[in-house]
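Data block below; observations after.
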Ligand code: SF4
């Protein structure tokens, strides 16, 4: 039997507990990151412009990793799972 290693995302855990549209809570989620982990506004915009044109983007959710594109873009250490950014 193959064992699947689960990955844990602190933000996803928080997001799962929030009802409604994720974009309404984006500022608060961004503020939960350590300051040195926060991507700049310019970097976030650059990343999301790539996601906007990506075939893996389904209504703001990345079909490669299952993350919300906007949330993944917030953390400077995160990357696109297929290295588009
Ligand atoms: S994170 Fe990468 S794969 Fe996912 S939607 Fe954005 S550009 Fe596409």
Quick check: residue separation of residue 45 and residue 23 times 0.36 nm, minus the Cα distance between them. What number comes out in nm? 6.5 nm
Taking the alpha-carbon set of region 35-85, what are its Rg and Dmax in Å? 10.0, 31
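Ordered by packing density, taken as the mean number of other Cβ atoms within 10 Å over each peptide's residues, highest first, how do 41-49, 68-76 rank?
Averaged packing, sorted descending, gives the order 68-76, 41-49.
Only the coordinates and a few stated rules stand behind these numbers; no lab work does. A quick note: this is a predicted structure, and the numbers were derived from the prediction, not measured. All Cβ positions, glycine included, derive from the backbone under ideal geometry; neighbour counts span all protein chains shown.
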